[in-house]
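Below is one structure; the comments refer to it alone.
What follows is calculated from the coordinates using simple rules that are stated; it is not laboratory data. The structure displayed is predicted, hence computed values, not measured ones. Glycine gets a Cβ as well: all are built from the backbone with ideal geometry, and neighbour counts include every protein chain shown.
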Amino acid sequence: MNIRRHPVAAPLSFLILLFMWVPLIVVGVNSFNTQTIMAGWGGFTTHWYSLAWHNQDVRTGLKTTLIIAVASSVLSLFVAVTGALWWRRASPKARAVYDGLIFARIILPEVVFATALFFLFLKIHFSLGLTAIVIGHTVWNSAYAAIIVQARMASLDPALEEAAADLGATPWRAFRRVTLSALMPAIIAAGLLAFTFSFDDVVTSVFLQGASNSPLPVVILGMIRFRITPEINAIGLLVMLFTVTIMSMAVIFYATAGSLGRAGRRGSMLDMYR
Amino acid sequence: MTTPAVDLAGVEKRFGDLVAVRHLDLEIEPGEFFSIIGPSGCGKTTTLRMVAGFEDPTAGRVSVSGRDMTGVRPYRRPVNTVFQSYALFPHLDVFENVAFGLREARVGKAEVRARVAEAISLVQLEGREQSRPRKLSGGQQQRVALARALINRPDVLLLDEPLGALDLKLRTEMQTQLKDLQRTVGVTFCYVTHDQGEAFSMSDRVAVMNLGLLEQVGTPEDVYHRPASLFVADFVGKANRFQGRIEEGSSGVYTVDIAGIGSRRVSGPGGLPSGTEVVVVVRPENLRAAPTETRNGLTATVVDASFQGAVRTVRLQAAGLGELTAAAGGAGQAPAPGSAVSLTWDDDHAWLISTGDGTP
């Protein structure tokens, strides 16, 4: 029997989609609503956006988040690219161990890593704060970056660097003009993905922030704890748009990376979302 | 005497316990189309990679154009390679792939444009300059690889089974084009393949390798008609073998007592003493099968005949000699399976290979 043609299938799918999207739509609509209690439509305003823009906590939170996201993305890329370079020449056994460690970082709950790092940092007297959060984000972000970069690396002909050397390129030139350049779409995609994941992270940040400034998602969490204001909606919509933009860019770059290589598709079976 | 384009002197290559190439002495003349053939694992690709500089010989010396290449890295050698997988840079278009070597050599912009255009027209890829390699067919990719390797005007062009990934028709076309190209540019080509037909159709000389050893070097005709070993005889084509012993003779023509047939005149390498055990090789196209029985002895029964267009191959069973193969023009009537035929060959179409004493 064809499940897609079942009479319940279409209405059910519609309901599910509704449940997924209605809250987001409500957030979007209410961000322009003059009514503070959000019980109905009171008229159009951009007041909440201006309020959010001038909220010092939000500003500090955004700045903190951006610093953490950029730093952890760069670190993740460094780990992913150097790892992929090693991986290419590693023995099958070493590769299996390395791949296992990557998947472990993706599969294990984030809260486990966050708790573990929290206790580790306490034990070694490493002060919690920005640096701790960056390290925490890099732990799992580098796993996603590694998968994307490695998929591209696997699709590259190992003879490419020999071909470059054959044509007169020194090892450094061959690496830069061939390996790194050919990996670039995947590196950019991985970087954007890592950036997005770090940008909206709450769990690791809460555990590791200590007494330092909170990143934006934690700030938002703190704000709704007391009172939900339309200002939150405005911030929510902006964060949503920003995240979607970055993710779309990542997907586009990833698609480019895939179409360039022979086995580029290998990576697309892995979920892009957490 | 001119300096050889490539000179391998006592070259040996080991990978751990495995000996990939054993004491190889080989000279390739400038401007020559030279092929190294052999089954996979015979050391031919390793040899090529030692000339390119991707492998260092364990012993011996590789020289290119009279220059000792010991310790010279690949990017400093006057040779270029066409890789089996082509190894085109996927992120660069055809123009930049071809220009790669010139950019590394820091050639000026105007000259890059001119030389890339020249190379691209040489391989007939005008109009595809902006295409990425993945947009090209196998044959076109192969031509990009050729243009890219030739643009630095190497002393020697190394080709590692470049036609292996192409289909038969394209392969035949490319063989002609490669030969023409080599004549046009005048660069020494060193070509590695496991396909002896491919090597024969293009090469001035071929080297046959087996298990890391050089078995024979010579013109395609030499190797085919005057094989130096049983391995060569079998590798370069179908061979009918007859066991025998030299009765007398010298300087290349011998009287051989062939088991089950009797005394025959056979050509062979000079200087073999009487009594030497030999194998007499007769190529199928030189073995004539006539339907009527003639006087001189050798008869056989037709097992079957297979028609291949230009030729017809007939499998035969001869008493005491095992299975034999004869090939003749495809025209005319095929012999019926089970019918008796008599076999003959001309004396100068038989070639003997010494097997020493006791070897089968």
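Farthest toward the dipole's positive end in chain B, which of B:316, B:216, B:263, given Cβ charges of +1 (Lys, Arg) and -1 (Asp, Glu) about the Cα centre? Of the candidates, B:216 comes out farthest on the positive side. In summary, the stretch B:1-130 shows an alpha-carbon radius of gyration equal to 1.24 times the 2.2 N^0.38 Å reference for compact globular proteins. Averaging Cα coordinates gives a centre for the stretch A:21-61 and one for the stretch A:183-222; these two points are 23 Å apart. Please give the FRET efficiency for residue B:106 paired with residue B:137, using the beta carbon to beta carbon distance and R0 = 30 Å, rounded to the nearest 0.05. After rounding to 0.05, the efficiency reads 0.40. For the stretch A:1-155, compute Rh as the Kirkwood radius over C-alpha pairs and then the Stokes-Einstein diffusion coefficient at 37 °C and 0.692 mPa s; write the answer in µm²/s, rounded to an integer. Translational D for this selection: 162 µm²/s.
Any idea what the relative contact order of chain B is, in percent, if you count C-alpha pairs under 8 Å spaced at least 6 apart?
Values: 783 pairs, mean separation 54.1, N = 360.
Relative contact order comes out at 15 percent.
Across all directions, the average projected area of the convex hull around the alpha carbons of the stretch B:126-165 is 3.3 nm².
For the stretch B:316-360, the alpha-carbon coordinates run over 43, 24, 14 Å along the three principal axes, in decreasing order.
When Rg and the Kirkwood Rh are both derived from Cα coordinates, the Rg/Rh ratio for the stretch A:137-204 amounts to 1.14.
Between residue B:126 and residue A:51, what FRET efficiency follows from the Cβ-Cβ distance if R0 is 56 Å, with the result rounded to 0.05? Could you put the intermediate results ahead of the total?
Working: r = 63 Å, r/R0 = 1.13.
The pair residue B:126/residue A:51 has a calculated efficiency of 0.30.
For the stretch A:111-258, the Kirkwood estimate of hydrodynamic radius, built from reciprocal distances between every pair of different alpha carbons, is 17.9 Å. Taking chain A as a Gaussian network of alpha-carbon nodes connected by springs under 10 Å, the highest mean-square fluctuation of the residues A:16, A:228, A:68 belongs to A:16.
Across the protein assembly as shown, the volume of the C-alpha convex hull divided among the residues equals 270 Å³ per residue.
Under a Cβ-only charge scheme (Lys and Arg +1, Asp and Glu -1), can you give me the dipole magnitude of chain B about the Cα centre, in debye to the nearest 20?
1240
Percent of Cα pairs in the stretch B:207-266 per distance bin of 5 Å, from zero to the largest separation: 4, 18, 21, 19, 20, 13, 5, 0. Pairs of Lys residues in chain B, spaced 8 or more positions apart or belonging to different chains, with C-alpha separations under 28 angstrom: 10 in total. Two numbers describe the Cα atoms of the stretch A:190-235: Rg and Dmax, which are 12.2, 37 Å. Mind pulling up the Rg/Rh value for the stretch B:237-300? Radius of gyration and Kirkwood radius, both on Cα. Rounded to two decimals, Rg over Rh is 1.00.
May I ask what percent, to the nearest 5, of DSSP beta bridges between residues of the stretch B:192-347 are antiparallel?
Values: 43 of 43 bridges.
Of those bridges, close to 100 percent are antiparallel.
Computed from the Kirkwood radius of its Cα pairs, the Stokes-Einstein diffusion coefficient for the stretch A:105-183 at 25 °C and 0.890 mPa s stands at 159 µm²/s.
Given the C-alpha atoms of the stretch B:139-249, compute the convex hull and give its volume per residue in Å³. Mind dumping the intermediate values first?
Working: hull volume 14.8 nm³, N = 111.
So the per-residue hull volume is 134 Å³.
One way to sum up the overall shape of the stretch B:67-170 is the equivalent ellipsoid from its Cα gyration tensor, whose semi-axes run 22, 19, 11 Å, largest first. When both bridge partners sit in chain B, DSSP labels roughly 75% of those beta bridges antiparallel. Within the stretch B:64-107, the ratio Rg/Rh, alpha carbon atoms throughout and Rh by Kirkwood, equals 1.04. If you line up the long axis of helix B:109-122 against the longest principal axis of chain B, both from Cα atoms, how many degrees apart are they, to the nearest 10? Taking the Cα atoms of chain B, the angle to B:109-122 is about 20 degrees. Computed with the Debye formula from one identical point scatterer per Cα of the stretch A:1-55, without solvent, the log10 of I(q)/I(0) at q = 0.17, 0.24 Å⁻¹ comes to -0.65, -0.92.
Would you work out the relative contact order for chain A, in percent, from Cα pairs under 8 angstrom that are 6 or more residues apart? All intermediate terms of the calculation are to be shown ahead of the outcome.
Working: 323 pairs, mean separation 80.6, N = 274.
Dividing the mean separation by the residue count of chain A yields 29 percent.
Ordered from longest to shortest, the equivalent ellipsoid semi-axes for the stretch A:165-222 are 41, 12, 6 Å, each the square root of 5 times a Cα gyration tensor eigenvalue. Dividing the summed helix terms, -39500 (n - 2.57) for each DSSP H run of n ≥ 4, by the number of residues in the protein assembly as shown produces a 222 nm estimate of -14500 deg cm²/dmol to the nearest 500. All Cα-Cα separations within the stretch B:222-360 were binned at 5 Å from zero, giving a P(r) of 2, 11, 20, 23, 19, 14, 8, 4, 1, each value a whole percent of the pairs.
How high is the relative contact order of the stretch A:82-171? Use alpha-carbon pairs under 8 Å, at least six apart in sequence, and give a whole percent.
Values: 31 pairs, mean separation 35.8, N = 90.
Contact order relative to length: 40 percent.
Treating only the Cβ atoms of Lys and Arg (+1) and Asp and Glu (-1) as charged, compute the dipole magnitude of the stretch B:162-231 about its Cα centre; round to the nearest 20 debye. Could the numbers behind the result be given before it?
On the way: 6 positive and 9 negative charges, 17 e Å.
Charge dipole, the stretch B:162-231, about its Cα centre: 80 debye, nearest 20.
When each full DSSP H helix of chain A is screened for a Cα extent of at least 18 Å along its own axis and an average Kyte-Doolittle hydropathy of at least -1.0, the helices passing are A:9-30, A:56-89, A:92-107, A:110-123, A:130-155, A:181-199, A:230-260.
Nearest 5 percent is fine: what portion of the DSSP beta bridges confined to the protein assembly as shown is antiparallel? Write down the numbers at each step before the final one.
Numbers: 64 of 83 bridges.
Among the beta bridges of the protein assembly as shown, antiparallel pairing accounts for roughly 75 percent.
Provide, for q = 0.13, 0.15, 0.25 Å⁻¹, the log10 of I(q)/I(0) from a solvent-free Debye sum over equal Cα point scatterers in the stretch B:38-115. For the requested q values the scattering log ratios are -0.55, -0.70, -1.18.
Dividing the alpha-carbon radius of gyration of chain A by the rule-of-thumb value 2.2 N^0.38 Å gives 1.20. In units of the rule-of-thumb radius 2.2 N^0.38 Å, chain B shows an alpha carbon radius of gyration of 1.18.
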